[in-house]
Each structure stands twice: as C-alpha cells, then as structure tokens.
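Below: one structure, written as structure tokens.
The values are calculated or read from the model by the stated rules, or taken from the named source; none is laboratory data. From a predicted model like this one, the values you see are computed outputs, not experimental measurements. Every residue, glycine as well, gets a Cβ built from its backbone with ideal geometry; the counts of neighbours run over all protein chains shown.
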Amino acid sequence: MGKRALIVGGSGLVGCKLLDMLLEGRHYDAVTAVVRAPLHLKHPKLTELIVNFDQLEQYEQQFSADDVFCCLGTTIKQAKTQQAMYRIDVEYPLTIARLALQQGARHFLFISAMGANPASRIFYSRIKGIAEGGLRQMPYNSLSILRPSLLLGDRREFRLAERWAGAFFRALPFLFAGPLKKYRAIEAETVARAMYLMAIDNPQGTTVYSSWQIEQYAAEQKATVPWR
Ligand SMILES: NC(=O)c1ccc[n+]([C@@H]2O[C@H](COP(=O)([O-])OP(=O)(O)OC[C@H]3O[C@@H](n4cnc5c(N)ncnc54)[C@H](OP(=O)(O)O)[C@@H]3O)[C@@H](O)[C@H]2O)c1
C-alpha cells in the first residue's frame, strides 16, 4: 500500500511542483493539501483541506499522514509586519508539525533557507533558525531540513530583487563554483524533487541539506529511485 502525504504551501512556487509530483508519482495513495484558498485542482488522490490557519487545532483529525511536506512561507512585503511573518514562517509550521505528529506522522520535511540561525541579526534567517529549532524538539522519526539559496522559477507574483538576482545567477553560473557553490541559486523544481526523493529514501533522525546538497541529492537519487 502507498503512503499518505500532507502538504502545506502546495500553492507556492516549490509547493505546486511538489504537489504535482506527489499526485503523479507512484509512492503515495493519498495526498492532503492544506490550503487557505481553493487550488482549483481535481485528482483522485487529492483531498483539499481549506482551513483557517489561525485555528489549525480544529482540523487535527484530518492531519493524519505518513510524511508531511512544509513549503509554507512569506516575505516581509506580503506579511507587512515581522509579527505576521513570524506567525506564517514559524508558528504555522510548528503547529502543523505538532498536530501531524500527534496523528502519527513519521517524517517532516521543511523548507528553511540558507543562513538559518536563531541568533542571526537578519530577521528572515533568525525566524527560519527558530522554526528549525522548534522542529528539532519534536520526536519525529525523520526530520529533513532543506536550506535552499535563492529559488529560481516562474512566479505569478512579481519580486524585483529575486528576478534580478535570478537573472544574474543564470547569466554567470561559473562564478558559483568551488567555495561559492553554496550561494548558487536553485530551481524550485529541483527542491521539490529532492523533497519527494528524501521522503522515499526516509533517512532516520535529523538531516540538514544546504542548497548545493539539495541539488546533488536530487541529481543522484533521481537515478536510483524509480520515479513513477
Ligand atoms: N524565494 C526564495 O528565493 C527562497 C529562498 C530560500 C528559502 N525560501 C523558502 O522556501 C519556501 C518556499 O518558497 P516559495 O517561494 O515556494 O514560496 P511561495 O511561492 O511564496 O509560496 C508560499 C506558500 O505559503 C502559503 N502562505 C503564505 N502566506 C500564508 C498565510 N498567511 N496563510 C496560509 N498560507 C500562506 C502560500 O499560500 P497562498 O497561495 O494561499 O498565498 C503558498 O502556498 C518558503 O519557506 C521560503 O521562505 C525561499
């Protein structure tokens, strides 16, 4: 029998690619997408769970899954205040992780970010570090933390700085070799593929993947794990 997946952030740049893989891949029988608005997607494996993220406890019974994929996140521009950003990037993931664990989940896969550190002076890096710390406290069988660099991909929303940075990385990839490889931008699809493959591989304990390790993982595992 295939596994059951729970995905949060399945409408985002990485999340929608991962959701597609979870639905089309052969390893999962059932996929629950926790969203705040309809995805307008129909698939026999898909259960769309529209929730109020400020009252996640109400839906605990429906958070039952083997593997939980968290692709949730925002920007300060979208969130408007640091308090709101903290709620989305830290409190929601930790609440979902706790509720899914109570429902028997064994593997939590979390997109953090390069430079995540609870002591960082940079707010974004600090909150990602805090979220990682909270997840490490939970007795998951497996915890996979991915720390990508800049994400590349076609985004509906216009983000000027990311678009410029993405164009720079694409034009001059050779600059990001050797010791600078950790700064290399990464395709959102590669991050999604790595997450899928990590869930299938199911390493025990906590594993943290830097951006280039995510890239390497996706490339190596793709060759060995039958995809569909
Ligand atoms: N952008 C980068 O270059 C970069 C670099 C390193 C790490 N990361 C991290 O990678 C992860 C994925 O990034 P991404 O660019 O794929 O994200 P994204 O496209 O911005 O998508 C974010 C997801 O979070 C959901 N979300 C945002 N605010 C929400 C709220 N208030 N309530 C409920 N759901 C909410 C969105 O749902 P809606 O569709 O409903 O808005 C969407 O599904 C994030 O954790 C991000 O911090 C990003």
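Brief remarks follow.
- Here is the figure for segment 123-160: residues that are charged (D, E, K, R), within 12 Å of the ligand (Cβ to nearest atom) and modelled with pLDDT of 95 or more total 3.
- The residue pairs whose first member lies in segment 138-160 and is within 15 Å of Glu189 (Cβ to Cβ), whose second member is near the ligand (Cβ under 8 Å from one of its atoms) and among the β-branched types (Val, Ile, Thr), and whose beta carbons are closer than 6 Å, counting only pairs six or more residues apart or on different chains, are Leu146/Ile111; Pro148/Val191.
- Any hit, segment 35-42, residues being at negative phi and in a strand (DSSP E or B): yes
- Only one entry in Ala79, Ala119, Ala100 is buried (at least 22 other Cβ atoms within 10 Å of the Cβ) and more than 22 Å from Glu189 (Cβ to Cβ), namely Ala100.
- Only residues that are in a strand (DSSP E or B) and among the small types (Gly, Ala, Ser) were counted in segment 91-150, giving 2.
- When Leu72 is tested against the conditions (1) more than 15 Å from the ligand (Cβ to nearest atom); (2) under 20 Å from Tyr140 (Cβ atoms); (3) part of a loop (DSSP other than H, G, I, E, B), the lone failure is (1).
- Checked against the criterion of being assigned to a helix (DSSP H, G or I), in contact (Cβ under 8 Å) with a residue 24 or more places away in the chain, under 17 Å from Ser210 (Cα atoms) and away from the ligand (no atom under 15 Å from the Cβ), segment 174-187 contains one or more residues that satisfy it.
- Residues that are touching a residue at least 60 places away in the same chain (Cβ under 8 Å), loosely packed, with under 15 Cβ neighbours inside 10 Å and either over 23 Å from Asp154 (Cβ atoms) or within 16 Å of the ligand (Cβ to nearest atom) (or both), drawn from segment 1-58: Arg26
- Qualifying residue in segment 50-60 (condition: within 20 Å of Tyr140 (Cβ to Cβ), more than 15 Å from the chain's Cα centre (by Cα), not in a loop (DSSP other than H, G, I, E, B) and not acidic (Asp, Glu)): yes
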